[in-house]
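J.: Pasting in a structure now, in structure tokens, and then I'll have a few things to ask.
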Amino acid sequence: RAAGGGKQPPADPPQLLIQSADAAWAGLRPEEAKVARRALLRLVRVADAGEQGGDTRLLVRLSEFDRAAQAVLNNLGATPLVTIDRDAASGEAAAQLGDDLLPYWPRLQSWIQEDREFLLWRQKLGVIIAEWKRLNEDSGTLLTGAPLELAKRWQAGRAEDLNETEIVYIDRCVAEEE
């Protein structure tokens, strides 16, 4: 007990959240931490510079992650880092960042700042791929020129941060160009 017999004042929720998030993170082995960082960043919709509202949480189907990421996300579902829910549209299991994690967890904030340029590019790529799929993989929706060069550079430097769909799409663009 504190001097004077008083009780410790309750910690404010963000402080508790940060401590429990850090504790969950500390429980990961190094190879799990690498996979977890990648997976957690996929659960964020990064805001563009002039955009209102800032970064927001995304609900992402587990099927969009590889096996290693699925295993890590399922394990993190028992921590404040991740909640596992059902995607209303598909009924599939889906992951989302824990409540209030995005604005308050400094580690996640620093990753987003470090990777903002890549994350914004990958988000835009996701929109293009969705349109490509909607149009039955029409070659008119494939990247060419400067956007394709940029995609090739990101793929060369950050292949482990791309999912199977993104890699298939970029490879298809490259094949079409050649």
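The values are calculated or read from the model by the stated rules, or taken from the named source; none is laboratory data. Note that the coordinates shown come from a computational prediction; the quantities given were computed from them, not determined experimentally. All Cβ positions, glycine included, derive from the backbone under ideal geometry; neighbour counts span all protein chains shown. Ligands, DNA and RNA are stripped out before the accessible areas are found, and what is left, the full protein with its side chains, is counted by its heavy atoms. Shrake-Rupley method; radii C 1.70, N 1.55, O 1.52, S 1.80 Å.
J.: At a Cα cut-off below 13 Å, give the aspartates and glutamates reachable from Lys34, other chains included and same-chain residues fewer than 8 away excluded.
T.: Glu160, Asp161
J.: Let me ask something additional. Quickly rank 32-42, 158-168, 130-140 as a protection proxy: mean count of other C-beta atoms within 10 Å, highest first. Working shown, then result.
T.: On the way: 32-42: 19.5, 158-168: 14.2, 130-140: 11.5.
The most tightly packed comes first, giving 32-42, 158-168, 130-140.
J.: Measuring from label point to label point, each 7 Å out along Cα→Cβ, what is the Gln52 to Arg158 span in nm?
T.: 2.8
J.: Mean separation of Cα pairs under 8 Å and 6+ residues apart, divided by the residue count of the chain: what relative contact order is that in percent? Let's see the in-between values first.
T.: On the way: 171 pairs, mean separation 32.9, N = 178.
For the chain, the relative contact order is 18 percent.
J.: Shifting gears a bit: To test your reading of the geometry: what angle, between 0 and 90 degrees and rounded to tens, separates the Cα axis of helix 67-76 from the longest principal axis of the chain?
T.: Result, in degrees: 20.
J.: Kindly report the accessible area of segment 93-148 per residue (heavy atoms of protein chains, probe 1.4 Å, no ligands, DNA or RNA), in Å². Working shown, then result.
T.: Details: 2870 Å² over 56 residues.
Per residue, segment 93-148 has 51 Å² of solvent-accessible surface.
J.: Give me the distance in nm between label points sitting 7 Å out from Cα along the Cα-to-Cβ direction at Asp66 and Leu150, one decimal.
T.: Result for the modelled spin labels: 2.5 nm.
J.: Considering only protein heavy atoms and a probe of 1.4 Å, how much of the accessible area of the chain is carbon and sulfur, as a whole percent? It would help to have the intermediate numbers written out before the result.
T.: Details: 5370 of 10390 Å².
Here carbon and sulfur together make up 52 percent of the probe-accessible area.
J.: Would you kindly give the portion of the calculated P(r) for segment 95-178 that falls above 22 Å, as a percent of all Cα pairs? It would help to have the intermediate numbers written out before the result.
T.: Working: 1188 of 3486 pairs.
Every Cα pair in segment 95-178 considered, those over 22 Å come to 34 percent.
J.: So, one more: For the chain, what does the helix formula give at 222 nm: sum of -39500 (n - 2.57) over DSSP H segments with n ≥ 4, over the residue count, nearest 500 deg cm²/dmol?
T.: Values: 7 runs with 98 residues, N = 178.
Estimated from H runs of four or more residues: -18000 deg cm²/dmol.
J.: Let me ask something additional. Please work out which option in (i) 18.2; (ii) 24.7; (iii) 21.8 gives Kirkwood radius over Cα pairs in Å calculated from these coordinates, and answer with its label.
T.: (i)
J.: Give the shape of segment 51-150 as rounded, prolate or oblate, defined through the alpha-carbon gyration tensor: a ≥ b ≥ c are the square roots of its eigenvalues, a/c under 1.5 means rounded, and otherwise the shape is prolate if a/b is larger than b/c and oblate if not. Spell out each step's value before the answer.
T.: Details: a/c = 2.21, a/b = 1.40, b/c = 1.58.
Oblate shape, in that a/c is at least 1.5 and b/c is the bigger or equal ratio.
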